[in-house]
Number of protein chains: 2
Amino acid sequence: MTQESDHGRMAATQGSRIDAYVDRYAARATGMVASEIRALFAVASRPEVVSLAGGMPYVTALPLDVVGELVSDLVARRGPVALQYGSGQGDPHLREQICEVMRLEGIDAGPDDVVVTVGSQQALDLITRIFIDPGDVVLAEGPSYVGALGTFSAYQAKVVHVAMDNEGIVPESLAQTIYALKAAGSRIKFLYTVPTFQNPAGVTLSVARRRQVLEICQRAGVLIIEDNPYGLLGFDGEPMRALRADNADGVVYLGSFSKTLAPGFRVGWALAPHAIREKLVLAMESAVLSHSSFTQLAVGQYLATQPWREQIKTFRELYRERRDALLDALEALMPAECTWTRPKGGFFVWASLPEGLDSKAILPRAVAERVAFVPGTGFFTDGGGARHMRLSYCYPEPERIREGVRRLARVIEQEMQLRDTFGTGYAPDHGGVDTPGPDIA
Amino acid sequence: MTQESDHGRMAATQGSRIDAYVDRYAARATGMVASEIRALFAVASRPEVVSLAGGMPYVTALPLDVVGELVSDLVARRGPVALQYGSGQGDPHLREQICEVMRLEGIDAGPDDVVVTVGSQQALDLITRIFIDPGDVVLAEGPSYVGALGTFSAYQAKVVHVAMDNEGIVPESLAQTIYALKAAGSRIKFLYTVPTFQNPAGVTLSVARRRQVLEICQRAGVLIIEDNPYGLLGFDGEPMRALRADNADGVVYLGSFSKTLAPGFRVGWALAPHAIREKLVLAMESAVLSHSSFTQLAVGQYLATQPWREQIKTFRELYRERRDALLDALEALMPAECTWTRPKGGFFVWASLPEGLDSKAILPRAVAERVAFVPGTGFFTDGGGARHMRLSYCYPEPERIREGVRRLARVIEQEMQLRDTFGTGYAPDHGGVDTPGPDIA
């Protein structure tokens, strides 16, 4: 290309919306296109719509006066530190407190192996950055957390889904998948799993299967990324023992204060074997220099001065009531052909539609009826999930949840009538990101 | 590799510091090794050492009581928003305020083209992510900001330095470099420049040259990344007109509140042509979901309620006094063979040592004498900078700066004597990251 033609092209597109840079992006950026469905979610954020789509925690349940005092006290006592750059690894005292939190799940770890990240999403990004070359394989539950799938695809990983059922990953499927991939010469870099109160399926890996999954991965030399944002939000009994609690060298554990305190601070973490942790810190510095000292110290002060275990209990009760509202409403109102999971913690129910219905095609009609959900296809990279949807109960109040299900059931019934009259017809997949942005409830 | 050998190897390294994952990292991670010099900077952070090494702003000059009130007021008035997830693009009102800040540098832009990032470091990371395939060329001043060079190399870019002098980038060198690279078939993705009060050189691109650089890049179809954290910290007269002010389609502008307010909030931004901005938002969501609502709203509240222009003036006066202290001390104390730049704003002076001296080899002796600086080699990717050092005057008080230069001059004089007695001998380059972590003053 000559200098003149470049010049002419840039001049021709001055001020227009044509992308003058279309042929200059990195290969990884070519798939970075927002899907049409995002516009729909923007509509879904209107107050008249009951959103069962987003994963926003109900932060209004926090003692806001206490949080307000705490942050002003932080500035008064430690302002010059809170307002300054911090270390790439994160505040040392907060890292000790994080170890204390993880002990609730049976994890015995020291602060030197913890890296504080901008939400656990950043931990996912950094882990992927240091492990994934284009074409490398990541194993993930099917369905799996959409934010993780987006990150894996941003680094051009090939995601291979492993079957799961109501007890989580099916060990036989995991072993067979690993065997087949290795036989085919694929480079498997890690298994990504949300073992407890999974997003989006709401299921939990059973105790027996935890042992099996650990054994299979250790034998095959496959690192496990255990993403556990909901682990402390169980509705019955004690927290599950983390996978990391039984294997310190083969598991990277990701945690977050987004659900146990508040996502607005963006404080998450990774607990990693030493060598990986070293690379994570360097990747962290390259990505953002350091996390916000202010929000790290605010979380630290909260943990040091407030009854945080009690607050988690408050959240648990709140979400349990909403889960009950959702399950009861589904039971009472949904057509008999629909099925769904029964989560024992966390934020999400995974529902299956009758044969011949497509959740993505239904979404616009649902939004018109003032209810929103996330279509299942976003949680798979292989086209799966068309008959499924994620329903979240974390944000709307119980009465709103019931009203949302009422509207949704009506839409589904109408769709079934159309199906029975005209036959099935799946909507084409337009590609792109099929889920709401982080701020859409 | 068989499953058994994998298993055996993992078992053999249980609990040890051997990296069991050494052959599994991505290609981009192989260079991620901390250099030995970082241990030295840890020593340099001791209070008895005068650090002319770090780029920490003097946040103690902020009205801490006001900041404390402001954040507690924020929680009281807008807690449920401040503690919640935000949008990937950033708070809309803050983006409007950012446009107001940029108007001081002649930029006319709307909030829709702004993306709020975790410091401008993250903007650099995201820009590199969407543009750089391994082997692509990034043009950068020689010397250039080490944090940017680290990010470019993390994405396997090839950095080609463009000559600069006391008026910034030399346009003829830029044109020739572009011509030669294009002739050789290289893919030049962008020019990265810190045109105003450059880090580390402390020089500023002259008005005449700004026009030339814009013209050369536009003619060649080379995007410009204008990184401008220090633009409002000039010691004389009005802020310089930004490159972005004269070309909206060919420049991505990066800004930050780290130096005009406080780095502890980690609030920076990118202003980009529309199509690039769209990809930046998707990359942002993939990297961290969204920035901290809390810190974004805190910065917004600060801008809305406080005399922020006056505060910048306070910072300017403070840094001017420290620059004067550094320049006066250098003039009075340094050996005649040394030279240095005379910055008109920002944080840094770039000093050149006498022939035959190596700044990296000198650093351990300087730290033993209780003074620290950053060796010049970290600011080049091509081995340049051995006779140079970056001296920062932003953090220590004037009397400490003078004492630091006194110690440094003594070390350099001793080195010159050794050179005259024994001849020159450069220290070997051990590779890795040659600069302090973000929290080392």
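The values are calculated or read from the model by the stated rules, or taken from the named source; none is laboratory data. The shown structure was predicted, so the numbers you read here are calculated from the model rather than taken from an experiment. With ideal geometry, Cβ positions are generated from the backbone for all residues, glycine too; neighbour counts draw on all protein chains shown.
If I ask for residues that are under 20 Å from the mean Cα position of the chain (by Cα) and either free of Cβ contacts under 8 Å to residues at least 24 places away in the same chain or at the interface with chain B (Cβ under 10 Å from one of its Cβ atoms) (or both), which ones from segment A:46-73 would you list?
A:G54, A:G55, A:M56, A:P57, A:Y58, A:V59
Taking the condition of a type in the set (A, V, I, L, M), crowded, with 24+ Cβ neighbours inside 10 Å and assigned to a strand (DSSP E or B), does B:A270 pass?
Yes.
Consider B:S120 carefully, then state whether it is within 11 Å of another protein chain (Cβ to nearest Cβ), more than 22 Å from B:M240 (Cβ to Cβ) and among the hydroxyl-bearing types (S, T, Y).
no
Quick check: is even one residue across segment A:124-132 acidic (D, E), in a loop (DSSP other than H, G, I, E, B) and at pLDDT 95 or above?
No, there is no match, as no residue in segment A:124-132 is acidic (D, E), in a loop (DSSP other than H, G, I, E, B) and at pLDDT 95 or above.
Could you identify the single residue in A:S290, A:S286 that is in a helix (DSSP H, G or I), small (G, A, S), facing another protein chain (nearest Cβ under 9 Å) and under 30 Å from B:Y145 (Cβ atoms)?
Values: A:S290 fails: in a helix (DSSP H, G or I).
Only one candidate qualifies: A:S286.
Residue by residue through segment A:303-362, note down the ones that are part of a loop (DSSP other than H, G, I, E, B) and among the aromatic types (F, W, Y). Give the steps one after another, and end with the answer.
To start, the set of residues in segment A:303-362 that are part of a loop (DSSP other than H, G, I, E, B) comprises A:306-307, A:334-338, A:341-344, A:346-347, A:353-358.
A:F347, the sole residue that qualifies.
Quick check on B:G404: is it closer than 24 Å to B:R419 by Cα, part of a helix (DSSP H, G or I) and modelled with pLDDT of 95 or more?
Judged against the criteria, B:G404 is a match.
So, in segment A:19-33, how many residues would count as being at the interface with another protein chain (Cβ under 7 Å from one of its Cβ atoms) and either under 12 Å from B:A275 (Cβ atoms) or acidic (D, E) (or both)?
Total satisfying the criteria: 7.
In segment A:98-108, which residues are under 24 Å from the mean Cα position of the chain (by Cα) and either surrounded by fewer than 19 Cβ atoms within 10 Å (Cβ to Cβ) or more than 21 Å from A:G264 (Cβ to Cβ) (or both)?
A:C99, A:E100, A:M102, A:R103, A:L104, A:E105, A:G106, A:I107, listed by residue number.
(1) in contact (Cβ under 8 Å) with a residue 40 or more places away in the chain; (2) buried (at least 21 other Cβ atoms within 10 Å of the Cβ); (3) assigned to a helix (DSSP H, G or I): which one isn't true of A:T295, the others all being true?
(1)
Given A:R46, A:R77, which one is farther than 21 Å from B:Q84 by Cβ and out of contact with any strand residue (DSSP E or B) (no Cβ under 9 Å at 6 or more places or on another chain)?
A:R77
Exactly one of these conditions fails for A:G264: (1) surrounded by 21 or more Cβ atoms within 10 Å (Cβ to Cβ); (2) outside any helix (DSSP H, G or I). Give me its number.
Result: A:G264 passes all but (2).
Out of A:Y319, A:Y395, report the one residue that is within 26 Å of A:Y58 (Cβ to Cβ), in contact with a helix residue (DSSP H, G or I) (Cβ under 9 Å, 6 or more places away or on another chain) and of a type outside the set (S, T, N, Q). Please lay out each step first, then the result.
Details: A:Y319 fails: in contact with a helix residue (DSSP H, G or I) (Cβ under 9 Å, 6 or more places away or on another chain).
Sole residue among the options that is within 26 Å of A:Y58 (Cβ to Cβ), in contact with a helix residue (DSSP H, G or I) (Cβ under 9 Å, 6 or more places away or on another chain) and of a type outside the set (S, T, N, Q): A:Y395.
What are the residues in segment A:352-391 that are of a type in the set (S, T, N, Q) and either surrounded by fewer than 17 Cβ atoms within 10 Å (Cβ to Cβ) or more than 22 Å from A:D420 (Cα to Cα) (or both), if any?
Result: A:T377, A:T381.
Looking only at residues that are under 20 Å from B:P343 (Cβ atoms) and of a type in the set (A, V, I, L, M, F, W, C) in segment B:150-179, which one is farthest from the other protein chains (Cβ to nearest Cβ)?
The extreme case among them is B:M164.
Considering only residues of segment B:187-233 that are of a type in the set (D, E) and part of a strand (DSSP E or B), which is farthest from B:F257 (Cα to Cα)?
Ranking the qualifying residues of segment B:187-233, first place goes to B:E226.
Does B:R244 meet the test of being touching an Asp or Glu at 6+ places or on another chain (Cβ under 7 Å), assigned to a helix (DSSP H, G or I), under 27 Å from B:G55 (Cα atoms) and not aromatic (F, W, Y)?
Yes.
B:K259 - would you say it is in the same structural domain as B:Q89 (by the TED database), out of contact with any Lys or Arg (no Cβ under 8 Å at 6 or more places or on another chain) and not in a loop (DSSP other than H, G, I, E, B)?
No.
Pairs under 9 Å by beta carbon, first residue in contact (Cβ under 8 Å) with a residue 40 or more places away in the chain in segment A:383-394, partner hydroxyl-bearing (S, T, Y) and assigned to a strand (DSSP E or B), six or more apart or different chains?
Close Cβ pairs satisfying both conditions: A:H388/A:S352; A:S392/A:S51.
Run A:V138 past the list (1) within 8 Å of another protein chain (Cβ to nearest Cβ); (2) without any contact (Cβ under 8 Å) to a residue 60 or more places away in the chain; (3) crowded, with 24+ Cβ neighbours inside 10 Å and report the number of the one that doesn't hold.
Failing condition for A:V138: (1).
I want to confirm something. Restricting to segment B:75-88 and keeping residues that are of a type in the set (A, V, I, L, M) and surrounded by fewer than 22 Cβ atoms within 10 Å (Cβ to Cβ), which single residue is nearest to the other protein chains (Cβ to nearest Cβ)?
First pass over segment B:75-88, keeping only residues of a type in the set (A, V, I, L, M): B:75-76, B:81-83.
Narrowing further to those that are surrounded by fewer than 22 Cβ atoms within 10 Å (Cβ to Cβ): B:76, B:81.
On the way: B:A76: 5, B:V81: 8 Å.
Across segment B:75-88, the extreme among qualifying residues is B:A76.
Residue-wise test of (1) without any contact (Cβ under 8 Å) to a residue 60 or more places away in the chain; (2) buried (at least 20 other Cβ atoms within 10 Å of the Cβ); (3) closer than 30 Å to B:P134 by Cα; (4) among the aliphatic types (A, V, I, L, M).
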{"residue": "B:S186", "(1), (2), (3), (4)": "yes, no, yes, no"}
{"residue": "B:F190", "(1), (2), (3), (4)": "no, yes, yes, no"}
{"residue": "B:I224", "(1), (2), (3), (4)": "yes, yes, yes, yes"}
{"residue": "B:E238", "(1), (2), (3), (4)": "yes, no, no, no"}
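Quick check on segment A:195-235: of everything there that is more than 14 Å from chain B (Cβ to nearest Cβ) and basic (K, R), which residue is farthest from B:Y21 (Cα to Cα)? Before the answer, list the steps.
The first filter runs over segment A:195-235 and keeps only residues more than 14 Å from chain B (Cβ to nearest Cβ), leaving A:195-198, A:200-213, A:226, A:228, A:230-235.
Now narrow it down to the ones that are basic (K, R): A:209-211.
Values: A:R209: 25, A:R210: 22, A:R211: 22 Å.
The qualifying residue farthest from B:Y21 (Cα to Cα) is A:R209.
How do the helices (runs of 4 or more DSSP H) wholly within segment A:18-105 filter down when requiring 2 or more residues that are at pLDDT 90 or above and within 29 Å of A:V146 (Cα to Cα): which remain?
Ranges flagged: A:92-103.
Would you confirm whether or not segment A:169-180 contains a residue that is assigned to a strand (DSSP E or B), touching a helix residue (DSSP H, G or I) at 6+ places or on another chain (Cβ under 9 Å), surrounded by 22 or more Cβ atoms within 10 Å (Cβ to Cβ) and in the same structural domain as A:A220 (by the TED database)?
yes
Taking interchain pairs and intrachain pairs at least six residues apart, which have beta carbon atoms under 6 angstrom, with the first residue in segment A:81-106 and at positive phi and the second in a helix (DSSP H, G or I) and surrounded by 15 or more Cβ atoms within 10 Å (Cβ to Cβ)?
What qualifies is A:G106/A:A245.
What is the one condition in (1) hydrophobic (A, V, I, L, M, F, W, C); (2) surrounded by fewer than 16 Cβ atoms within 10 Å (Cβ to Cβ); (3) in contact with a Ser or Thr (Cβ under 9 Å, 6 or more places away or on another chain) that A:A39 does not satisfy?
Among (1) hydrophobic (A, V, I, L, M, F, W, C); (2) surrounded by fewer than 16 Cβ atoms within 10 Å (Cβ to Cβ); (3) in contact with a Ser or Thr (Cβ under 9 Å, 6 or more places away or on another chain), the lone unmet condition for A:A39 is (3).
For A:L318, work out the one condition from (1) outside the structural domain of A:S87 (by the TED database); (2) under 20 Å from the mean Cα position of the chain (by Cα); (3) surrounded by fewer than 24 Cβ atoms within 10 Å (Cβ to Cβ) it doesn't fulfil.
Condition not satisfied by A:L318: (2).
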